[in-house]
Amino acid sequence: MITPVLLAVLALVLTGPAPAVLARSSWPYRVPRAAVILWQAIALAAVLAALGAGIALSYSIAGRPGEPRFDPSSPRDLVAALILAMTALVVVRLLWAVGRVAVGTRARRKRHRDLVDVLATPDGLIPGLRVLAEETPLAYCLPALRGARVVVSVGALDRLDDSELKAVLAHEQAHLRARHDLVLEEFTALHHAFPRWVRSDVALEQARTLVELLADDDARRRNGPRPLARALVALAGSPAPEAALAAAKSATVLRVERLAGPAPNERTLSTLTYAGAVTLLVLPTITIAAPIVKAIVDAVS
Amino acid sequence: MASEDKAPRPLGDLERLVMEQLWAAPTALTVREVHEQLAGTRELAYTTVMTVLDRLAKKKLTERERDGKAWRYRAAAPREELAADLMRDALDRAGDRREALVRFVGQVSDEEAALLREALSRLDGQEQTG
């Protein structure tokens, strides 16, 4: 009975306090690549622990451990089956969310791409670049398996000099090359998979910031920190209408301040972060697998 | 999923040119009319224009109606309307739509704009002294 309790506690810690603490820390910004992996590990470990808790609870309630036969006349077996069914429901809900987000995102992106293709003019500067005749400063990428596009508005071009534009394009191409959209999609799906009252958007928000930092690091390696920082300031020039936005330091401020500092080189910290991610994944997996393996061994011998 | 990306690039460029013809025209145009207008500036097969108009109809960017034996095509919406749709999608970071696009920068408050300028001037100072 100890395994399901431990797994449930682990799942709760990984969905609530752990993300909250991590989101308030600033060290993940020093190792964005490792931090993205850590967030993915936390999310996956939380799901595994929650499912593991269900499976382990059902297993420990069922009539006689190691007895493979299901006995419908035994109330214990019925409760065990019910718990197992609820666990399966969580899996279904998760898969449904992943599918819905994937389909929805692709449909919306396809419509956006169709619009970009008829409204924006191609520019030979980089392959896939489209220039949109809009005054609002705007730069973003449209990821795709093939034929990804980078969209820049005329308003953005007006505000950027050549080196700044190069930095922006390098940033966007880094997103496309690394398929950061898929990383964000995972967190979006996870976000949608849980009912509104348990989910929080810290993981999604953090993932969003971290992939920006990753693309920034890539652009910085190519052109140095200065053009990118200047481009960020030039394009962020339009203050938000809502004052509420000022509550937390936005990712843009974080990014520019980070570019103003020395280039990140954090071997030890990133190694530790990766190690933490692996540990998180191994922990629930072993606790789930151990009793099952033991039961199989017991049944065979 | 991959099929949407398979279109060879020249067709994509033609789509834009064809849409521009349709937006500029006061009435719906037949394939022949679109072809005649475009053929003046580039070598273009009639069937290619037909394909492009058909693709645009599938993307719900054009609408067609019967006119005798021919189809007449017109833009499904004015250019400004589609541009507004696109901008809304590109700028909307609220609610469930915000994963659609990842923009280079978001909006900042006045206070943050000051922080940004300060950080930038620090960076510029470093460049000059270092």
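Every number in this text was worked out from the coordinates using simple rules, so none of it is lab data. Please read all numbers here as calculations on a predicted model, not as lab measurements. Cβ: placed from backbone, ideal geometry, glycine included. Neighbour counts: every protein chain shown.
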**OP:** Quickly work out the B:A70-to-B:R32 label distance, labels modelled 7 Å from Cα along the C-beta direction, and quote it in nm with one decimal.
**Re:** 0.5 nm
**OP:** Measure out, as a whole number of angstrom, how far apart the alpha-carbon centroids of region A:36-105 and region B:18-74 sit.
**Re:** 55 Å
Original post:
For B:E118, B:E112, B:E81, what's the fewest-to-most ordering of other Cβ within 10 Å of each Cβ?
Top reply: B:E81, B:E118, B:E112
**OP:** Report the charge-dipole magnitude of region B:36-115 in Debye, nearest 20, computed about the Cα centre from +1 at each Lys and Arg Cβ and -1 at each Asp and Glu Cβ.
**Re:** 620 debye
Original post:
In percent, what relative contact order does chain A have, based on Cα pairs under 8 Å that are 6 or more apart in sequence?
Top reply: 24 percent
**OP:** Extending each Cα 7 Å along its Cβ direction at B:S121 and A:V278, get the distance between those two points in nm, one decimal.
**Re:** 4.8 nm
Subject >> Measure of compaction for region A:1-89 (Cα Rg per 2.2 N^0.38 Å) >> reply: 1.43
**OP:** Determine the relative contact order of region A:95-204: mean sequence separation of Cα pairs under 8 Å and six or more apart, normalised by residue count, in whole percent.
**Re:** 24 percent
**OP:** Might you report the magnitude of the Cβ-based charge dipole of region A:88-234 about its Cα centre, with Lys and Arg at +1 and Asp and Glu at -1, to the nearest 20 debye?
**Re:** 600 debye
Original post:
How far, in nm, would the chain grow between A:I126 and A:V91 when pulled straight, counting 0.36 nm per residue and subtracting the alpha carbon separation?
Top reply: 8.3 nm
**OP:** Starting with the fewest neighbours, write out A:L82, B:L22, A:L228, A:L44 ranked by other beta-carbon atoms found within 10 Å of each beta-carbon.
**Re:** A:L82, A:L44, B:L22, A:L228
Subject >> region A:247-301 versus region A:181-233: alpha-carbon centroid distance in Å >> reply: 17 Å
Subject >> Within a Gaussian network of chain A (alpha carbon springs, distance under 10 Å), most fluctuating of A:P225, A:P28, A:P264 >> reply: A:P264
**OP:** Using packing as a proxy for protection, rank A:253-263, A:211-221 so that the peptide with the highest average count of other Cβ atoms within 10 Å comes first.
**Re:** A:211-221, A:253-263
Original post:
Using Cα-only point scatterers and the Debye equation, what is log10 of I(q)/I(0) for the protein assembly as shown at each q in 0.06, 0.11, 0.14 Å⁻¹, rounded to two decimals?
Top reply: -0.36, -0.93, -1.23
Original post:
Taking the Cα centre of region A:48-176 as the origin and placing charges on Cβ (Lys, Arg +1; Asp, Glu -1), which of A:V101, A:L57, A:P143 is farthest toward the positive end of the dipole?
Top reply: A:L57
Original post:
Which listed residue (A:L48, A:A85, A:P28) has the Cα farthest towards the positive end of the charge dipole for the protein assembly as shown, taking +1 on Lys and Arg C-beta and -1 on Asp and Glu C-beta about the Cα centre?
Top reply: A:A85
Subject >> Cα centre as origin, Lys/Arg/Asp/Glu Cβ charges: chain A dipole, Debye >> reply: 280 debye
Subject >> Residue exposure sequence - A:F70, A:F194, A:F187 - by fewest surrounding Cβ within 10 Å >> reply: A:F70, A:F194, A:F187
**OP:** Convert 10 °C to kelvin, take the viscosity as 1.306 mPa s, use the Kirkwood radius over C-alpha pairs of region A:84-155 as Rh, and evaluate the Stokes-Einstein diffusion coefficient in µm²/s, rounded to a whole number.
**Re:** 111 µm²/s
**OP:** Send over the semi-axes of region A:75-214's equivalent ellipsoid, whole angstrom and largest first, taken as the square roots of 5 times the C-alpha gyration tensor eigenvalues.
**Re:** 41, 15, 12
**OP:** Find how much the distance from B:A45 to B:A84 grows on full extension, using 0.36 nm per residue of separation minus their present alpha carbon separation; answer in nm with one decimal.
**Re:** 10.8 nm
Subject >> FRET efficiency estimate (nearest 0.05) - Cβ-Cβ, A:A289 to A:L82, R0 22 angstrom >> reply: 0.40
Subject >> Considering only the protein assembly as shown, percent of DSSP beta bridges that pair antiparallel, nearest 5 >> reply: 75 percent
Subject >> Normalised convex hull volume, region B:32-114, alpha-carbon set, Å³ per residue >> reply: 171 Å³
Original post:
Using a simple spin-label model with points 7 Å from Cα along the Cα→Cβ vector, what separation in nm is obtained for B:D110 and A:T136?
Top reply: 2.3 nm
